[in-house]
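See below for the structure under consideration.
The values are calculated or read from the model by the stated rules, or taken from the named source; none is laboratory data. Given the structure is predicted, the values throughout are model-derived calculations rather than measurements. When we count neighbours, we look across all protein chains shown, and the Cβ atoms used for this are built from the backbone with ideal geometry, even at glycine. Calculation scope for accessible area: heavy atoms of the full protein, side chains included, ligands and nucleic acids excluded. Shrake-Rupley method; radii C 1.70, N 1.55, O 1.52, S 1.80 Å.
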Amino acid sequence: MSRVLIRILLGLVVAMTVYPLVWMLLSSFKTNREIYQPDILLPESLDPFAYRLLFSGEFIDFYEVLTRSILLAGGQALLATFVTAGVGFVLAKSKFTGKFLLLWTALLVILYPRQAISLSLFEWMAKMGMSGSYYGLLFSGVASGLGVIFFMQVYRKIPDELMDISRLEGESLFRSFLCFLPLVKPALITYGMLHFFLSWQEHLLPLLVLGSDQLTLPLALAKLSDSSYRIPEAVGLAAGVLAMLPMMLLFGYFFRRIRTALSDWVVS
């Protein structure tokens with residue numbers, strides 16, 4: 001009886017999770033009249049007019065926005081993974097003055113809301129000449145306290161004997177870090193994917209750093225929500241459906257390695 005109840009509860013949770021996604025997909029084929037009738041789930045026809053309008057460039061250049069978002073999110077994920085893995089390695093395998101201060105700073109970055117430093121971040125980017133530049137968005141999202149804590153826990157699982165052998169061989173700390181990277185490959189992929197997801201849906205940083213003609217997907221989706229009803233609602237829903245595809249494909253491809261890294265971290 002308990003197993004049946006658990007399965008029923010899991011089925012309800014899955015249905016509640018999947019239903020909004022199914023509704024968005026089906027509504028991308030609906031007219032405004034059908035969308036504003038929530039009791040109608042299936043569209044009258046499967047005419048992909050919204051996708052044709054989206055790719056026509058009448059409202060936004062979706063190809064350019066999609067390419068820009070992929071490059072920026074991917075570049076930021078690569079930089080953040082390399083930087084946070086290096087800091088986590090140093091915290092886990094080195095002893096130096098100020099180590100606990102650096103650790104508490106990483107925790108503070110996690111706890112402190114980004115919205116509270118938005119004005120300071122904007123002024124900092126302007127003084128560095130990175131306002132309106134893609135480099136400003138790449139570098140402003142590199143620092144991640146969550147990544148530092150994650151990789152510190154990952155590198156703690158590596159035996160200290162390997163670090164001693166590396167020192168005996170005369171390797172520098174940076175060289176040792178590079179040599180240990182293959183040992184934590186699942187963790188690198190996992191955090192890289194997580195950071196890509198966060199950067200992919202980031203709204204605040206692109207709004208602060210980039211110019212008005214440098215839209216990323218979240219900003220483009222907001223632009224497609226037109227209160228004057230000039231843009232059909234289905235166009236924004238179609239853009240939302242296509243915005244989910246890269247994340248779903250990447251997650252499906254790397255699922256096994258992500259599960260391995262997260263399970264090892266939890267067990268540790």
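For the range 186-201, how many residues are of a type outside the set (A, V, I, L, M) and more than 8 Å from the chain's Cα centre (by Cα)?
Counting residues in the range 186-201 that are of a type outside the set (A, V, I, L, M) and more than 8 Å from the chain's Cα centre (by Cα) gives 4.
For the range 86-98, indicate whether the set of residues that are in contact (Cβ under 8 Å) with a residue 12 or more places away in the chain, assigned to a helix (DSSP H, G or I), closer than 30 Å to residue 19 by Cα and not aliphatic (A, V, I, L, M) is non-empty. Outline the logic, then answer.
Of the range 86-98, the ones in contact (Cβ under 8 Å) with a residue 12 or more places away in the chain are 86-94.
Next, only the ones that are assigned to a helix (DSSP H, G or I) stay: 86-93.
Filter once more, keeping what is closer than 30 Å to residue 19 by Cα: none.
No: the range 86-98 contains no residue that is in contact (Cβ under 8 Å) with a residue 12 or more places away in the chain, assigned to a helix (DSSP H, G or I), closer than 30 Å to residue 19 by Cα and not aliphatic (A, V, I, L, M).
Find the residue count for the range 32-67, including only residues that are over 22 Å from residue 214 (Cα atoms) and in contact with a helix residue (DSSP H, G or I) (Cβ under 7 Å, 6 or more places away or on another chain).
Adding up the residues that qualify gives 8.
Would a scan of the range 139-147 turn up a residue that is open to solvent by 60 Å² or more (accessible area, probe 1.4 Å), out of contact with any strand residue (DSSP E or B) (no Cβ under 7 Å at 6 or more places or on another chain) and not in a loop (DSSP other than H, G, I, E, B)?
For the range 139-147, residues open to solvent by 60 Å² or more (accessible area, probe 1.4 Å), out of contact with any strand residue (DSSP E or B) (no Cβ under 7 Å at 6 or more places or on another chain) and not in a loop (DSSP other than H, G, I, E, B): present.
So, of the residues in the range 111-138 that are among the small types (Gly, Ala, Ser) and on the phi < 0 side of the Ramachandran plot, which turns out to be least open to solvent (accessible area, probe 1.4 Å)?
Looking only at the range 111-138, we keep the residues that are among the small types (Gly, Ala, Ser), and these are 116, 118, 120, 126, 129, 131-133, 136.
So of that shortlist, the ones also on the phi < 0 side of the Ramachandran plot come out as 116, 118, 120, 126, 131, 133, 136.
Values: 116: 59, 118: 29, 120: 73, 126: 54, 131: 60, 133: 29, 136: 0 Å².
Filtering the range 111-138 for residues that are among the small types (Gly, Ala, Ser) and on the phi < 0 side of the Ramachandran plot, the one least open to solvent (accessible area, probe 1.4 Å) comes out as 136.
For (1) crowded, with 18+ Cβ neighbours inside 10 Å; (2) within 22 Å of residue 139 (Cα to Cα), each residue gets a yes or a no:
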{"position": "183", "(1), (2)": "no, no"}
{"position": "192", "(1), (2)": "yes, yes"}
{"position": "205", "(1), (2)": "yes, yes"}
{"position": "222", "(1), (2)": "no, no"}
{"position": "232", "(1), (2)": "yes, no"}
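Which residue out of 78, 102 is touching a residue at least 60 places away in the same chain (Cβ under 8 Å) and not hydroxyl-bearing (Ser, Thr, Tyr)?
Just one listed residue meets the conditions, 78.
Here is a check on your reading of the model: is residue 106 aliphatic (A, V, I, L, M), under 23 Å from residue 208 (Cβ atoms) and in a helix (DSSP H, G or I)?
So residue 106 passes the test.
Hey, residue 70 hits all of (1) in contact (Cβ under 8 Å) with a residue 60 or more places away in the chain; (2) assigned to a helix (DSSP H, G or I); (3) crowded, with 16+ Cβ neighbours inside 10 Å but one; which does it fall short on?
Evaluating residue 70 over (1) in contact (Cβ under 8 Å) with a residue 60 or more places away in the chain; (2) assigned to a helix (DSSP H, G or I); (3) crowded, with 16+ Cβ neighbours inside 10 Å leaves (3) as the failure.
If you take the residues in the range 148-173 that are within 14 Å of residue 88 (Cβ to Cβ) and not aliphatic (A, V, I, L, M), which one is most open to solvent (accessible area, probe 1.4 Å)?
Taking the candidates together, the pick is 156.
Just name the residue that is surrounded by the fewest Cβ atoms within 10 Å (Cβ to Cβ) out of those in the range 30-56 that are assigned to a loop (DSSP other than H, G, I, E, B) and touching a Phe, Trp or Tyr at 6+ places or on another chain (Cβ under 8 Å).
Here the answer is 46.
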